[in-house]
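Have a look at the structure below, then the notes.
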Amino acid sequence: MHNERQVTDNLYWVGANEHRIALFENIHPLTRGVSYNAYVLLDKKTVLFDTVDWAVCRQFLENLEYVLDGRKLDYIVINHLEPDHAASLEEVLIRYPEAIVISNEKAFMMMHQFGFHVDDRNIEVKEGDTTNFGDHTVTYVFAPMVHWPEAMVTFDVTNGVLFSADAFGTFNSLDGVLFADEVDFDRDWLDEARRYLTNIVGKYGPQVQALLKKAGPILPDIKFVCPLHGPVWRENLGYIIEKYDKWSRYEAEVNGVLIIYASMYGNTESAAVTLATKLREKGVKNVEVKDVSSTHVSWLVSDTFKYSHVAILGVTYNLGIFPPMHNYLYDLKALNVQKRTFAVISNGTWAPKADDLTRKFIDEELKEMTVLGDELVINSAMTLEQGEEMDGIVDSLKDSLAEWEKDHPQS
Ligand code: FEO
């Protein structure tokens, strides 16, 4: 059964939702699915903007056929060649033999690599080129590394629709939703939007900044933002643009403390909860506690982007950093996370090494991080005296939070 929605005059969402895969990119857990968005413009020419993942190709094809309503497909604009969007391209080319693919040089190179047969039916565009489809004229803005090198966005100058590729996308299936203003985005979707952006494109903050800068002059003309995942934006664009600006500058959203602990037998967990309690008692409102072993690292990364301060409570394992904690720290490095303040507490029954190694990793491997000088190394279980030492760390965190507040009055 076809299942499409109208975005605006002559423009339809023809994407599909995925509920069955457990891992996006075979890495990141999906708890509420994901949508793969594609759009059709019915002008004098018909134009498909991107396709979908192979897993949902059948639904997409039904939607496309219904919206075309017997018309032939003239053009397919490919903004992003990653297979979660382009895997169904070959099938569309087979079913619509007159369709011409519009994309850029790098994307066509990748199409060849993936084995798509687009020779003699392709138009290569360059940055700033325009195409007229009848009443509508579009222009192409290259967005390299948002999220692959061939990525571009397409702006319809006639109706103000920005086909934004991965930018402004989010995890979660749409399930009937089309517009962000149909849901409580801040309450129900923001965490997954952050997790999507920070884990998928987090490394490429400067490139996201470059795209935001390029889009600056046309911002007042943008009426709809149509991403390749998640809802379409037609209201309050400043809200999501501000989030993207912060995430891509590696600026925290929330003045608070994310406590991430590793605990094999519960003693470091107890210390982590004690730290949370002490912070709450001192009036710190935003405190979140996460177990590094049971929380997928994609959420830990996302929460690290969210909070200004991180307290790591680690344990020594094989004379090194506990592997899941090491994996988390490695991901912070891989994703270029910066500008956070860390407190480090560790636990080891014999030969405790985690404290020094964690501080060294943060100092030497991560960029623009601050590590508070207070040390607390627990031997097996925290003592009453160490509870007092922890008070010193709490005071340092509180002072640092106050400094952050001063430096970020608008946050
Ligand atoms: Fe949703 Fe980079 O693909």
Residues of the range 1-44 being among the polar types (S, T, N, Q) and surrounded by 15 or more Cβ atoms within 10 Å (Cβ to Cβ), in sequence order, are Asn3, Thr8, Asn10, Asn17, Ser35, Asn37
Within the range 164-184, can you find the residues that are within 16 Å of the ligand (Cβ to nearest atom) and part of a strand (DSSP E or B)? Ser164, Ala165, Asn172
What number goes with the only condition from (1) open to solvent by 10 Å² or more (accessible area, probe 1.4 Å); (2) in a helix (DSSP H, G or I); (3) under 19 Å from Val377 (Cα atoms) that Met325 does not pass? (1)
Which residues, counting only those in the range 159-180, are over 19 Å from Asn17 (Cβ atoms) and touching an Asp or Glu at 6+ places or on another chain (Cβ under 6 Å)? Gly160
Which ones in the range 45-54 are crowded, with 18+ Cβ neighbours inside 10 Å and either within 15 Å of the ligand (Cβ to nearest atom) or aromatic (Phe, Trp, Tyr) (or both)? Phe49, Asp50, Thr51, Val52, Asp53
Hey, which of the helices (runs of 4 or more DSSP H) in the range 67-163, taking only ones fully inside, have at least 3 residues that are under 20 Å from Glu25 (Cβ atoms), open to solvent by less than 10 Å² (accessible area, probe 1.4 Å) and of a type in the set (D, E, K, R)? none
Inside the range 182-196, the number of residues satisfying the requirement of being crowded, with 17+ Cβ neighbours inside 10 Å and of a type outside the set (Phe, Trp, Tyr) is 6
Have a look at Ala311, Ala354, Ala343, Ala334 and point out the one that is farther than 14 Å from Tyr261 by Cβ and of a type in the set (A, V, I, L, M). Ala334
Checking Glu242 against (1) of a type outside the set (Ser, Thr, Tyr); (2) in contact (Cβ under 8 Å) with a residue 60 or more places away in the chain; (3) in a helix (DSSP H, G or I), only one condition comes out false. Which one? (2)
Of the criteria (1) buried (at least 23 other Cβ atoms within 10 Å of the Cβ); (2) within 14 Å of the ligand (Cβ to nearest atom), which one Val257 fails: (2)
Of all the residues that make up the range 222-249, how many are within 16 Å of the chain's Cα centre (by Cα) and of a type in the set (S, T, N, Q)? 1
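Take Val289 and decide whether it is open to solvent by 20 Å² or more (accessible area, probe 1.4 Å), at pLDDT 95 or above and farther than 28 Å from Thr383 by Cβ.
For Val289, the condition - open to solvent by 20 Å² or more (accessible area, probe 1.4 Å), at pLDDT 95 or above and farther than 28 Å from Thr383 by Cβ - is not met.
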Scan of the range 373-399 for residues that are in contact with a Ser or Thr (Cβ under 8 Å, 6 or more places away or on another chain) and part of a loop (DSSP other than H, G, I, E, B), ordered by number: Gly373, Asp374, Asn379, Ser380, Ala381, Met382
Scan the range 32-43 and tell me whether some residue there is more than 19 Å from Ala165 (Cβ to Cβ), in the same structural domain as Ala193 (by TED's automatic domain parsing) and under 18 Å from the mean Cα position of the chain (by Cα). yes
Given the residues Met145, Met111, Met152, which is the only one that is within 16 Å of the ligand (Cβ to nearest atom) and over 23 Å from the mean Cα position of the chain (by Cα)? Met111
Can you report the number of residues in the range 275-286 which are surrounded by fewer than 18 Cβ atoms within 10 Å (Cβ to Cβ) and not small (Gly, Ala, Ser)? 6
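Okay, residues lined up against (1) exposed (fewer than 14 other Cβ atoms within 10 Å of the Cβ); (2) assigned by TED's automatic domain parsing to the domain that holds Tyr261; (3) in contact (Cβ under 8 Å) with a residue 40 or more places away in the chain:
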{"site": "Ala354", "(1), (2), (3)": "no, yes, yes"}
{"site": "Arg359", "(1), (2), (3)": "no, yes, no"}
{"site": "Glu365", "(1), (2), (3)": "yes, yes, no"}
{"site": "Leu372", "(1), (2), (3)": "no, yes, no"}
{"site": "Thr383", "(1), (2), (3)": "yes, yes, no"}
{"site": "Glu388", "(1), (2), (3)": "yes, yes, no"}
For the range 225-238, which residues satisfy the criterion of being open to solvent by 30 Å² or more (accessible area, probe 1.4 Å) and in contact (Cβ under 8 Å) with a residue 24 or more places away in the chain? Arg234, Glu235, Asn236
Is it fair to say Ser400 is open to solvent by 20 Å² or more (accessible area, probe 1.4 Å) and within 31 Å of the chain's Cα centre (by Cα)? yes
(1) touching a Leu at 6+ places or on another chain (Cβ under 9 Å); (2) closer than 23 Å to Glu4 by Cα; (3) within 16 Å of the ligand (Cβ to nearest atom) all hold for Val92 apart from (3)
Does at least one position in the range 168-181 carry a residue that is open to solvent by 20 Å² or more (accessible area, probe 1.4 Å), aromatic (Phe, Trp, Tyr) and assigned by TED's automatic domain parsing to the domain that holds Gly70? yes
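The values are calculated or read from the model by the stated rules, or taken from the named source; none is laboratory data. Since we're looking at a predicted model, the values are computed, not measured. Using ideal geometry, Cβ is built from the backbone for each residue, glycine included, and neighbour counts are taken over all protein chains shown. Each accessible area value is taken on the protein alone, full model and side chains, heavy atoms only, with ligands, DNA and RNA left out. Shrake-Rupley method; radii C 1.70, N 1.55, O 1.52, S 1.80 Å.
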